[in-house]
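The values are calculated or read from the model by the stated rules, or taken from the named source; none is laboratory data. These figures come from a predicted structure and were not determined experimentally. Cβ atoms come from the backbone with ideal geometry, glycine included; neighbour counts cover every protein chain shown.
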Amino acid sequence: MNQSLVPSSILLSLLSLVSWLTLSACSPIPERLTSSLSNASAIIKKNAPFIDYISHSRHLIQAARVDLDSTTKETIIQANSPFEYRPSSEQCKNPSGRFQYKRGILLIHGLTASPYMMEDLARFFHARCFLVRAILLPGHGTRPGDLLDIHYQDWIKTGSRLLTMAYVHSKGRSKICFWPVIPSGVRLLSTTRFADKSWRNLRRHNRELNTHGHL
């Protein structure tokens, strides 16, 4: 009797599993786990002001997220948006009393993180008269499903474009040195950055500033 019960119980378990898998396959995928077909690197223009990049990113986040309501909308968008802290004219003066700053920091958050995670570092450098910019990596800040369409080359491209933007904005206008600050989660950016022309230009620009005593 026991031998006849064992195969029946196993068969019943298998049928239950197959039924569950069939129903799961027919269930719609939650919207947050699908791609919004957005890519933050596509909105970065070489000569555009950084404020335009921030504005476009905020619009991208608002359009893609599915968890926004009237009470959390602004908090969520703000926490995931890139930002810029400019030095204070009252605090950052040279010995002659003139407002002056020559250093910039580009903060790049880690994987699965957001620009909000860089706030403490941003405040630290801002208090020391750095021009601080924090960026948003593609696939982040919108919805988990957006990571399905992202490759590590997209993160490299974004970091390169935004450093190029910083280089273009500083060259010929003010002697600002920009260096990226990158958590271990996206160390891949630092391993490939100088293979790109824009990163080499930035490195040369910073070296020139250092040679002439601007740092």
statement: For the stretch 67-86 the number of residues that are more than 21 Å from Met118 (Cβ to Cβ) and surrounded by 13 or more Cβ atoms within 10 Å (Cβ to Cβ) is 2
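Quick check on Thr112: is it surrounded by fewer than 18 Cβ atoms within 10 Å (Cβ to Cβ), touching a His at 6+ places or on another chain (Cβ under 9 Å) and in a loop (DSSP other than H, G, I, E, B)?
yes
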message: Quick check on Ser89: is it loosely packed, with under 13 Cβ neighbours inside 10 Å and in contact with a strand residue (DSSP E or B) (Cβ under 7 Å, 6 or more places away or on another chain)?
response: yes
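From the list Gly141, Gly104, which residue is surrounded by 17 or more Cβ atoms within 10 Å (Cβ to Cβ), on the phi > 0 side of the Ramachandran plot and either in contact with a helix residue (DSSP H, G or I) (Cβ under 9 Å, 6 or more places away or on another chain) or not in a strand (DSSP E or B) (or both)?
It is Gly141.
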message: For the stretch 24-69, give me each residue that is part of a loop (DSSP other than H, G, I, E, B) and either of a type in the set (Phe, Trp, Tyr) or modelled with pLDDT of 90 or more (or both).
response: Arg65, Val66, Asp67, Leu68, Asp69
- prompt: Has the stretch 108-117 got any residue that is of a type in the set (Ser, Thr, Tyr) and at pLDDT below 85?
  reply: yes
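Every residue in the stretch 70-94 that is among the hydrophobic types (A, V, I, L, M, F, W, C) and in a loop (DSSP other than H, G, I, E, B), please. Spell out the reasoning first.
Initially, the stretch 70-94 is screened for residues among the hydrophobic types (A, V, I, L, M, F, W, C), giving 76-77, 79, 83, 92.
If the condition is that a residue be among the hydrophobic types (A, V, I, L, M, F, W, C) and in a loop (DSSP other than H, G, I, E, B), then Cys92 is the only one that fits.
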